[in-house]
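Below you'll find the structure, written out as structure tokens, and then a few comments.
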Amino acid sequence: KVLDASTLSFGTRLRWFTICFVAGIVCSILGTALLWLPKGIKLFAVFYTLGNIAALASTCFLMGPLKQLKAMFEPKRLIATVVMLLFLVLTLCAVFWWNKKGLAVLFCILQFLAMTWYSLSYIPFAR
């Protein structure tokens, strides 16, 4: 039952959704601000990626983690989910293992587009 959203009251689920979602936005904005510091590309990539992960995790509080995972990997949004997760990982690889700043920025842009595409997959006829 721990992984089921129904064990929490609606108010608690809504509160934690809001906290995670706002934390995600703050991390993304902070990452963007840190980009302009010397060697800020690593901080940018990490905070921007953490922001997207927090925003994604926020919906776990509304749906429950298992229900969300099932929804993420439904055939109609499987490609969007895989692309989104791939760019989250590639962003971190570009900045930490490959040390390619330009590639990290490109992957962050693609990460944004992939997250948008993934989010639109939940709106009927939006894609």
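Among the residues of region 84-98, is there at least one that is open to solvent by less than 40 Å² (accessible area, probe 1.4 Å), touching a residue at least 40 places away in the same chain (Cβ under 8 Å) and not hydrophobic (A, V, I, L, M, F, W, C)?
yes
So Val105 ticks every box in (1) touching a residue at least 60 places away in the same chain (Cβ under 8 Å); (2) open to solvent by less than 40 Å² (accessible area, probe 1.4 Å); (3) farther than 30 Å from Ser9 by Cα but one. Which box is left unticked?
Val105 satisfies every listed condition except (2).
Only one of these conditions is not met by Lys76: (1) closer than 24 Å to Ser121 by Cα; (2) in a helix (DSSP H, G or I); (3) at pLDDT below 90. Which number is it?
(2)
Scan region 94-127 residue by residue and report those that are over 16 Å from the mean Cα position of the chain (by Cα), over 18 Å from Thr32 (Cα atoms) and part of a helix (DSSP H, G or I).
Across region 94-127, there are no qualifying residues.
Going by the structure shown, is Ala45 within 11 Å of the chain's Cα centre (by Cα) and at pLDDT 90 or above?
Values: within 11 Å of the chain's Cα centre (by Cα): no; at pLDDT 90 or above: yes.
No, not satisfied.
Could you please tell me which pairs satisfy a Cβ distance under 7 Å, a separation of 6+ or placement on different chains, a first residue in region 52-63 that is under 14 Å from Val22 (Cβ atoms), and a second residue that is of a type in the set (Lys, Arg) and assigned to a helix (DSSP H, G or I)?
Phe61/Arg13
Go through region 31-75 and give me each residue that's of a type in the set (S, T, N, Q) and in contact with a Leu (Cβ under 6 Å, 6 or more places away or on another chain).
The answer is Thr49, and nothing else.
The values are calculated or read from the model by the stated rules, or taken from the named source; none is laboratory data. The model shown is predicted, which means the values in this text are computed figures rather than measured ones. A quick note on method: Cβ atoms are made from the backbone with ideal geometry, for glycine too, and the neighbour counts reach across all protein chains shown. Accessible surface areas use protein heavy atoms only, side chains included; no ligands, DNA or RNA. Shrake-Rupley method; radii C 1.70, N 1.55, O 1.52, S 1.80 Å.
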